[in-house]
Amino acid sequence: MNFLEERIVKDGIVKEGNILKVDSFLNHQMDIDLFNQMGEEFKRRFADKPINKILTIEASGIGIACIVASHFHVPVVFAKKSQSINIDGDVYVAEVESFTHKCKNQVIVSKKFLSEEDHVLIIDDFLANGCALQGLLSIVAQAGGTVEGIGIAIEKGFQQGGRIIRNFGYQLESLAIVDGMDAANGSIQFREQ
Ligand code: 5GP
């Protein structure tokens, strides 16, 4: 088991409805030493890529993205949830369905902060059905930028997102892939990587 898998086994809680709660180190309280280890690992896995920007989505991706960015020495842009309509046309917009909150959000990124010159690493905490990632991919495509890779902390491999995104041909690196979990006894199975 790698460092993140060990931490998930130690402190993760399996909830009904295929939810893994990792509030004590990732989603609410944040373990910055752990985030630094994740940053180092993503830097190693994307070492050959000309990444000049990191893109994530609010809220829970932001903390990880910031620490990862300190290993790449590049800025972080996060897609913001927004109710307002894009009257001036100065933002890229994507629709994202939230897995955890079961609602649809419009997310926006200002055109000032993403362009065809950008080589983007997308970072997020979880990958489940892939809606959040598809929204971010759409925003980079609208900007004419290049997605150099996608780094995820925890992928739930029994949901469809990972397969869909890998089929698109992206380099998708998940530090832990959960292939099964059981709320009744708290057990978690990881994919061998
Ligand atoms: P997706 O869009 O891939 O279906 O879901 C990704 C988003 O949903 C992540 O950004 C994360 O915030 C949230 N999410 C999905 N599954 C889980 C889960 O099992 N646990 C937690 N804590 N968040 C999840």
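The values are calculated or read from the model by the stated rules, or taken from the named source; none is laboratory data. Since the structure is predicted, the reported quantities are computational estimates derived from the model, not experimental observations. All Cβ positions, even for glycine, are placed from backbone atoms using ideal geometry, and neighbour counts span all protein chains on display. Ligands, DNA and RNA are excluded from the accessible area calculation, which covers all protein heavy atoms including side chains. Shrake-Rupley method; radii C 1.70, N 1.55, O 1.52, S 1.80 Å.
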**Selection count where residues are touching a helix residue (DSSP H, G or I) at 6+ places or on another chain (Cβ under 6 Å) and charged (D, E, K, R), scope the stretch 55-91** = 1
**Asked** Before we move on, is Phe35 outside any loop (DSSP other than H, G, I, E, B), within 16 Å of the ligand (Cβ to nearest atom), over 22 Å from Asp179 (Cβ atoms) and open to solvent by less than 40 Å² (accessible area, probe 1.4 Å)?
**Response** yes
**Prompt:** Exactly one of (1) in contact (Cβ under 8 Å) with a residue 12 or more places away in the chain; (2) more than 13 Å from the ligand (Cβ to nearest atom); (3) small (Gly, Ala, Ser) is unmet by Ala47. Its number?
**Reply:** (1)
**Message:** Residues that are within 13 Å of Leu136 (Cα to Cα), open to solvent by 70 Å² or more (accessible area, probe 1.4 Å) and in contact (Cβ under 8 Å) with a residue 24 or more places away in the chain: list the strands (runs of 3 or more DSSP E) wholly contained in the stretch 75-118 that include at least 2 such residues.
**Reply:** 76-82, 91-97
**Message:** Give all pairs with beta carbons closer than 7 Å in which a residue from the stretch 131-144 that is near the ligand (Cβ under 10 Å from one of its atoms) meets a residue that is open to solvent by less than 40 Å² (accessible area, probe 1.4 Å) and in a helix (DSSP H, G or I); count only pairs at least 6 apart in sequence or on separate chains.
**Reply:** Leu133/Gly161; Leu133/Ile165
